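Taken together, the values in this text are just the output of simple stated rules run on the coordinates, not laboratory data. Remember, it's a predicted structure, so these values are computed and weren't measured experimentally. As a convention, Cβ positions derive from the backbone with ideal geometry for all residues, glycine included, and neighbour counts pool all protein chains shown.
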Amino acid sequence: MGLVWLRHPVLWHSSRVPSGYNYTAMTPEQRVLITTRWHNWYTADLDYGRTTIYFFCVGIFLFGIFNLISVLHHVEGPNITRRIPFYAKVLSSSRALRAKQIYIPVVNYYSPPVSAIVIVVGIITFFCALTFGPHTYTFPNRAMGHSPPIATRSGWISIAIMPFLIVFATKVNPIGMVTGVSHEKLQVYHRWTAWIMYITSLIHTFPFIVQNIRLGEMSKDWNTTPWYWTGVATLVPQTWLVFMSWGPVRNRYYETFKKLHFIASGIFIAALFIHCNFRLTSWDYFWATAALYGVSWLTRLGRTLFNGLRSDASFEALPENMVKITIPTKLSWRPGQHFLIRFLDLGIHAASSHPFTVATLPARGAEAKDGGRKIEVYARVHGGITSRLAALCESGGLRSSRVLLDGPYGGVQGNLKAYDRVLLLAGGSGVTFVVPLLLDIIQRSAESTTVCQKVHLVWAVRTSDALTWFEDVLSSAIKAAPQGLSVSVSYYVTDTGSTGDDTSAKSEKSTPSEGAIVVYNGRPALKEIISEFCNEGGTAGIATCGPDSFTLDVGNAVYECELAILRGKARCSEVYLHHESYSW
């Protein structure tokens, strides 16, 4: 193993002046080849690293333009966007792709939206072309250099992916700010760019190993240079990171995964830093990564400090393995947003924060001045922090804790108040996301700041006991609805033995009358509900949060509605869907 980890003197960049070539042993064509673009080792960082950077930046810029148009559409109304040629067709097409999901029963896999799949396939295609497009893959003459061309280019591609991979994972996310995509939805690109970087790293590694074994130099290079052992030291944590991030493993052991993920990431970055050894501009990518991640981390820290260090949370056990957490506060948030909450008095759980959607609206006016604002979140008991909270409630012990609040984050990207009709769909604890949306629409309607004339909430729960979570809130909301706004609520109890109501879910052939709360047995026929809701004139906004199977049905039903609009066979002129992640 090399005794010196970094070559000396340590510099910002290594020299671009070619050295070590035996030009007399090369043909004229070979001498030309090693100085041409895409084959020159001394400009490979520009040819492949910068090309990777440009690819991501152009993509982010284009999606930023789409986001700007979408914002104008929701803020200024459709009049401004109708001037854009084919806008309606493009809008329905893009929304159809964002709604459609794929389910593979054999492995119980729920895909992200097809739009995300298309983007990922586009990224993979680009990097396949960049890696395998230029020829040759190896030099025919050892005098042309010790680094196989395909290994050189894949190495620079890997390094250039790194800043974007890290940024995709941050909570205060500059990519999300530009594109309008919340941080939890960018996780899919974090995971896929991690896989792409891993594969390009393997393509970078194996040509060196094969070449040196053939030449009989593997043992010598391992013992006398830092390149090989640091490469292995980088690949080991990288392999752990990508395989242990596989959905079933990550979700089942999330608390352990999260802690080990940070540790393995630190080892990976440190080993890769040494491995790169300031070759050309390789360290610039580390400085960029550190700057982007550091700004995000410092912003989160500053926001947490600004939110206050003396917030107290109280816990209450509810039916159906649910814990209600109440936090008095002076903070403000938008409907559907979430906070990352750190519980300081719960031992090891103080080491990490957890996302919870706020199920209430911030108090306004005199009530807010009197300290009436409360953050109420609901946590389904699974494991880790939620099981600890449930155990405390059952034991009668500590029922409160000091907390730190980081946020708010997320929320609905579009403006539901700009649509003629709004359909809110929730499965289980996903109701905590849609209830504040309902309350906000009712409040805005009373203030005449929304065009919405009709809102229908559908909530599917396993047993009727779960209805007690929000039954009073929803009943009061319906009573508070002003004239001109039709509000209706449908409960679906999927465990048919939990209630004596004999009404079948299939009876939901029409929306309940204004001001009605109707309870059905069985699962909601989501396709029929959505199809009927969209089969009216005007525009419709839909927001959903629930288990994977629930949102799959919702997304695919909306997809059919978008196709009908594209074919000119729909009475509805526009359908907007916001899908909130149930877990991530």
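Pull out a ≥ b ≥ c, the square roots of the eigenvalues of the alpha-carbon gyration tensor of the stretch 241-396, then state rounded if a/c is under 1.5, prolate if not and a/b is larger than b/c, and oblate in the remaining case.
oblate
Gain in length, R462 to L62, computed as 0.36 nm per residue apart minus the alpha-carbon separation, to one decimal in nm?
139.7 nm
Is the stretch 399-495 best put as rounded, prolate or oblate by its Cα gyration tensor, with a ≥ b ≥ c the root eigenvalues, rounded for a/c under 1.5, and otherwise prolate when a/b is larger than b/c, oblate when not?
oblate
What number comes out for the charge environment of P248, summing +1 per Lys or Arg and -1 per Asp or Glu over other residues with Cβ under 14 Å away?
+2
For the chain, the longest stretch holding no trypsin sites (Lys or Arg not before Pro) located in a DSSP loop with at most 11 other Cβ atoms within 10 Å is which?
84-309
Please report the antiparallel percentage of DSSP beta bridges with both residues in the chain, rounded to the nearest 5.
Taking every DSSP beta bridge within the chain, about 45 percent pair in antiparallel fashion.
Excluding same-chain residues fewer than 8 positions from K324, which lysines have a Cα within less than 22 Å of its Cα?
K374
Find how much the distance from H13 to R567 grows on full extension, using 0.36 nm per residue of separation minus their present alpha carbon separation; answer in nm with one decimal.
The H13-R567 span can extend by a further 193.7 nm.
At 222 nm, what value in deg cm²/dmol follows for the chain if DSSP H runs of at least 4 each add -39500 (n - 2.57) and the sum is divided by all its residues, to the nearest 500?
Value at 222 nm, helices only: -15000 deg cm²/dmol.
Under the classification rounded if a/c is under 1.5, otherwise prolate if a/b is larger than b/c and oblate if not, where does the stretch 1-75 fall, given a ≥ b ≥ c as square roots of the Cα gyration tensor eigenvalues?
In terms of gyration-tensor shape, oblate.
Among the aspartates and glutamates, which fall within straight-line cross-link reach of K100, defined as a Cα-Cα distance under 17 Å, with same-chain neighbours fewer than 8 residues apart omitted?
Leaving aside aspartates and glutamates fewer than 8 places away in the same chain, those within reach of K100 are E528, D548, D553, E560, E562, E574, E580.
In whole angstrom, how far apart do the alpha carbon centroids of the stretch 513-546 and the stretch 398-424 sit?
The distance from the Cα centre of the stretch 513-546 to that of the stretch 398-424 comes to 21 Å.
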